[in-house]
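This report refers to the structure that appears directly beneath it.
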Amino acid sequence: MIVYHSKTGHTRQAADDICRGLADRQVDCTVKKATEIGAGTLDDYDIVLFGTPTYGQRRYAEPARQVAALIDSAGAGRLKGKVSGAFAVNAAYGGNKLVAAMEAKLEGLGAKVVRGGPVVKAGAPLSLWKGPDASDADVRACEEFGGRVADAAGA
């Protein structure tokens, strides 16, 4: 399962690109908004990935509140032992720090984290205007991350 939050669609697109990478390795993939599911939904999945836009919360240490709330409500009980990871979309900067912070949090909850989740450059800084889409290189990075996650899960 790939869980995300997105206002302009860029993070959803990154989730779809990662899902394509998983599907290329014959891994079934579901993509859902963080607000569409409860923590109990995660019980049904061996892989749980989290995606967020980069808003600068607490100096790029926290994902969008919708994603943070789901991770917090899932806790170690639902994430322990699952293959997990994080990805972010940023228009300017902060995405790498945000992904690293999310990966550390997921590891702290006992998840088996695939490090180095992609940071996609898309959108317009400080704006809800959609802005530019991800580059072909960012799309490939998302697909490759999906492949690495599948490998980590033994697919």
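Just so it is clear, none of the values below were taken in a lab; they were calculated from the coordinates. Here the structure is a predicted model, which is why all the values come from computation and not from measurement. Note that we place each Cβ from the backbone using ideal geometry, even for glycine, and neighbour counts take in every protein chain shown.
Worth a mention:
- Loop-located chymotrypsin sites (Phe, Trp or Tyr not before Pro) in region 62-155 (DSSP state not H, G, I, E or B) with no more than 14 neighbouring Cβ atoms inside 10 Å: 93, 129.
- Evaluated with a Cβ-only charge set (Lys, Arg +1; Asp, Glu -1), the chain carries a dipole of roughly 520 debye about its Cα centre, given to the nearest 20.
- Taking the C-alpha atoms of region 2-152, convex hull volume expressed per residue in Å³: 88 Å³
- Whichever aspartates and glutamates have a C-alpha closer than 19 Å to that of residue 130, once near sequence neighbours (fewer than 8 apart) are set aside: 16, 17, 138
- For the chain, the antiparallel share of DSSP beta bridges with both residues in that region comes to about 0%.
- One decimal place: the segment residue 93-residue 31 gains 19.8 nm when fully extended, by the rule 0.36 nm per residue minus the C-alpha distance.
- Anchor residue 80: lysines whose Cα lies under 26 Å away (excluding residues fewer than 8 positions away in-chain): 32, 33, 97, 105, 112
- Low-density loop positions, trypsin sites (Lys or Arg not before Pro), region 104-144 - DSSP coil, at most 15 other Cβ in 10 Å: 115, 130
- When the chain is described by a simple charge dipole with +1 on each Lys and Arg Cβ and -1 on each Asp and Glu Cβ, the residue from 40, 67, 87 located farthest towards its positive end is 67.
- Virtual spin-label span in nm between residue 20 and residue 43, 7 Å along Cα→Cβ: 3.5 nm
- Free-standing Cys, the chain [no other Cys Cβ under 4.7 Å]: 142
- Rounded to the nearest whole Hz, the Karplus-based 3J(HN,Hα) values (6.51 cos²θ - 1.76 cosθ + 1.60, θ = phi - 60°) of region 114-123 follow the sequence 8, 6, x, x, x, 10, 9, 8, 7, x, with x at glycine and proline.
- Cα centroid separation, region 1-48 to region 88-155: 12 Å.
- For region 42-77, the residues whose amide N sits under 20 Å from a probe point set 7 Å from the Cα of residue 124 along the beta carbon direction are 53-56.
- Sequence-distant residues sharing a close amide H with residue 62 (under 5 Å, placed H): 57
- Estimated 222 nm signal from helices in the chain, with DSSP H stretches of n ≥ 4 weighted -39500 (n - 2.57), rounded to 500: -12500 deg cm²/dmol
- Amide proton proximity set for residue 120, modelled H, under 5 Å, gap of 5+: 88, 89, 90
- Karplus-based coupling profile of region 141-146, in residue order and whole Hz: 4, 5, 4, 5, 4, x, with θ = phi - 60° in 6.51 cos²θ - 1.76 cosθ + 1.60 and x standing for Gly or Pro.
- Full extension of the segment from residue 7 to residue 135, taken as 0.36 nm per residue of separation minus the current Cα-Cα distance, would add 44.2 nm.
- Residues whose amide H lies under 5 Å from that of residue 30, counting only those 5 or more places away or on a different chain, are 2; hydrogens are built 1.01 Å from N in the peptide plane.
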